[in-house]
Each structure stands twice: as structure tokens, then as C-alpha cells.
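Where a number appears in this text, it was derived from the coordinates with a stated rule and is not lab data. Note that the structure is a prediction, hence the values are computed from the model and not measured. Cβ coordinates were reconstructed from backbone atoms using ideal geometry, including for glycine residues, and neighbour counts include every protein chain displayed.
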Amino acid sequence: MTDHRDAIAALIRLYAERLDGGDLEGVARLFSHATVRSDGRPEVRRGSAQVLDLYRRMVQLYDGKPCTKHVTTNFIIQLDEPGSSGFARSYYTVFQARPELPLQPIIAGRYHDRFSRVDGRWRFADRLIFVDLVGDLRFHLRRSL
């Protein structure tokens, strides 16, 4: 089961890597069979097209990148007995630096993720994003939370 936990942790990290690299299409592909939700907001995004639309409307890019580093920690990964579904909780902290913004944490919170294993591969089934701490998001988001 350790390999399954490693694969799930890798998916969570891949999300951060793609987002920090400005690969919004790659982020959206991670959720092609999933929903994305945010605590306190009624909207539910389903599948790649809706997730891509959300990120394109929300995330400010500079020469194709958001100038951020998403740091994901405190992984707690649980698997069902046959290893076909799982649940993970983790923390995220997003740092940003721009010429007009010194390096600083801009937002922190938690991810509650569900995963399913299909044809031997793990994939996101649902992501619930909790926002716990908010800093200066002026240069990260196109619109407020």
C-alpha cells in the first residue's frame, strides 16, 4: 500500500508543479474525471473543461507563469482495503514574488482530496479546497475569493 500512497502524494505534488509552471491545461487534465469545490462556495466544477475555465479566469499569469510556489505538506493518506479508492488531507501554503511584491506567503489552507484507481492508475475524484489564511492576493488572482 505504500506505493499507492506514494502515487497519490505524487498527484498532489504534480498539481502544485503544473500550477506554478503556468500549465493550466495540465492542471485541468488532472481533474478530467473529478470535481473541484471550495469551502463556502456553492459552485462545483466538473471535468477538465470547467476546471480549466475556472483557472483561466482566476489565476493571473506573467509571461505564462503565476510567479508562485505552492508548498504542500502534512499529508495524511488513507486507502480502502482493496486499494481502489483513497482519501488525502494536506496543507498548502502559496508563496509569491513579483517586482512589485516581495517574496511572501499569500494564502494557506487545506486540501481534502478523494482518489480512485482505474486501470491501475490513481486519479483525482474530488478536491475540496479550504482557505484558512489570506494575505496579499492582488498579484495572484484576477478576482477575489
Practice task
Round to the nearest 10 and give me the degree value, 0 to 90, for the angle of helix 2-20's Cα axis relative to the longest principal axis of the chain.
Solution key: 20 degrees
Fill in the blank from the handout: Between Gln78 and His112, the two model label points (7 Å from Cα along the beta-carbon direction) sit apart by a distance in nm of 1.1 nm
Handout entry: Taking Leu79, Leu14 and counting other C-beta atoms within 10 Å, the order from fewest to most
Key = Leu14, Leu79
Handout entry: Cα centroid separation, segment 113-140 to segment 70-94 (Å)
Key = 10 Å
Practice task
Among DSSP beta bridges whose residues both lie in the chain, state the antiparallel percentage, nearest 5.
Solution key: 90 percent
Exercise for the section: Any chance you could run the full-extension gain for Val131 through His33? It's 0.36 nm times the residue separation minus the Cα-Cα distance, nm to one decimal. Expected result: 32.9 nm
Handout entry: MRE, 222 nm, helices only [DSSP H, n ≥ 4, -39500 (n - 2.57), over the chain, to nearest 500]
Key = -8500 deg cm²/dmol
Completion exercise
Sparse-neighbourhood loop hits (chymotrypsin sites (Phe, Trp or Tyr not before Pro), segment 101-145; DSSP loop; Cβ within 10 Å at most 13 others) -> none
Practice task
Quick one: angle between helix 47-58 and the longest Cα principal axis of the chain, in degrees between 0 and 90, rounded to 10, please.
Solution key: 20 degrees
Handout entry: Sites Leu101 and Arg121 - FRET efficiency at Förster radius 35 Å, r taken between beta-carbons, to 0.05
Key = 0.35
Completion exercise
Note on the chain: contact order normalised by length, alpha-carbon pairs under 8 Å, 6 or more apart, percent, works out to 24 percent
